[in-house]
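These notes concern the structure reproduced below.
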Amino acid sequence: MVGARTWVRPNARAGSKLPRSGHLWAHFGEHLYRGCRAGDIKDGPKVHRIPPMFKGEVVSIFIAPEEGAPTVEVPEVRAVPGSGLEGDRYFMNAGKMSKKNKPEREVTLIESETIEAVARDYDIEFGLGDSRRNVVTRGVPLNHLVGREFNVGETRLRGIKLCDPCAYLESLTSEGVRKALANRGGLNAQILSGGVIRPGDEVSD
């Protein structure tokens with residue numbers, strides 16, 4: 001498939017089937033190589049296809065001023081590299097995990113499709129802000145953005161790790177939420193370049 005991008009894991013076996021044409025994403029150790037051709041990959045693992053180019057949007061934005069406080073929907077928010085989202089608990093070092101002071105605490109995202117599925121498949125009342133993630137998106141493959149840079153409006157982010165649901169989140173919402181969000185709890189991201197994020201902003205790689 002011409003133009004297909006592929007994610008190649010480090011411990012791949014040689015001889016894995018790769019597209020004869022089309023660019024690859026190859027990950028060896030801590031380095032990500034983009035734009036190589038199938039013939040350039042000598043050691044190859046299992047190959048996992050990731051979405052080529054995508055274009056989604058911001059549905060809504062939420063912040064919470066302090067640990068455990070209800071999230072508040074806002075019409076816009078300023079993203080500040082190294083700090084987070086203005087007005088949010090992690091921006092003010094008041095979040096539950098603030099002491100760890102890691103870049104992935106700067107902003108969190110979740111797919112609106114996931115929120116809808118939780119309510120539908122698990123019969124749980126679960127609104128857009130109940131996940132306690134900051135940015136709700138639509139049409140964005142968040143699970144595939146770990147280790148990748150992407151744009152949210154005028155800001156640029158880097159996906160750091162999946163935002164797995166925890167017992168603390170379940171204690172603030174409803175029983176069963178942790179199970180319902182397993183493997184689709186969203187994304188922790190670092191802010192690379194700041195700016196204002198608004199609902200309707202485009203999300204793209």
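Taken together, the values in this text are just the output of simple stated rules run on the coordinates, not laboratory data. For clarity, every value in this text was computed on a predicted model and none was experimentally measured. Neighbour counts run over all protein chains shown; Cβ positions are idealised from the backbone, glycine included.
Annotations
- The calculated Kirkwood hydrodynamic radius for segment 112-199 is 13.7 Å, given to one decimal from all distinct C-alpha pairs.
- Whole-Hz ³J(HN,Hα) from phi, Karplus 6.51 cos²θ - 1.76 cosθ + 1.60, for segment 83-90, glycine and proline x: 10, x, 9, 4, x, 7, 4, 6
- Mean Cα-pair separation over length for segment 54-98, i.e. relative contact order, pairs under 8 Å, 6 or more apart, %: 34 percent
- Neighbour-count ranking [beta-carbon atoms within 10 angstrom, fewest first] of K55, K102: K55, K102
- Normalised by the number of residues in segment 64-205, the average gap of Cα pairs under 8 Å and 6 or more apart makes the relative contact order 30 percent.
- Annotation for E175 and V80: the two label points, set 7 Å from Cα along the Cα-Cβ direction, are 4.1 nm apart.
- Karplus-derived 3J(HN,Hα), 6.51/-1.76/1.60, for each residue of segment 108-125, Hz, glycine and proline x: 10, 10, 8, 7, 5, 4, 5, 4, 5, 5, 4, 5, 6, 7, 10, 6, 10, 6
- With Cα atoms as the point set, the radius of gyration and Dmax of segment 55-204 evaluate to 13.8, 39 Å.
- Charge dipole of segment 55-204 about the Cα centre (unit charges at C-beta), most positive-ward option of I191, I124, V74: I191
- Close amide H contacts of S60 (hydrogens built in the peptide plane, cut-off under 5 Å, sequence separation of 5 or more or a different chain): V136.
- Under 19 Å of direct C-alpha separation, and excluding same-chain neighbours fewer than eight residues apart, K102 reaches these aspartates and glutamates: E30, E66, E67, E86, D88, E149, D164.
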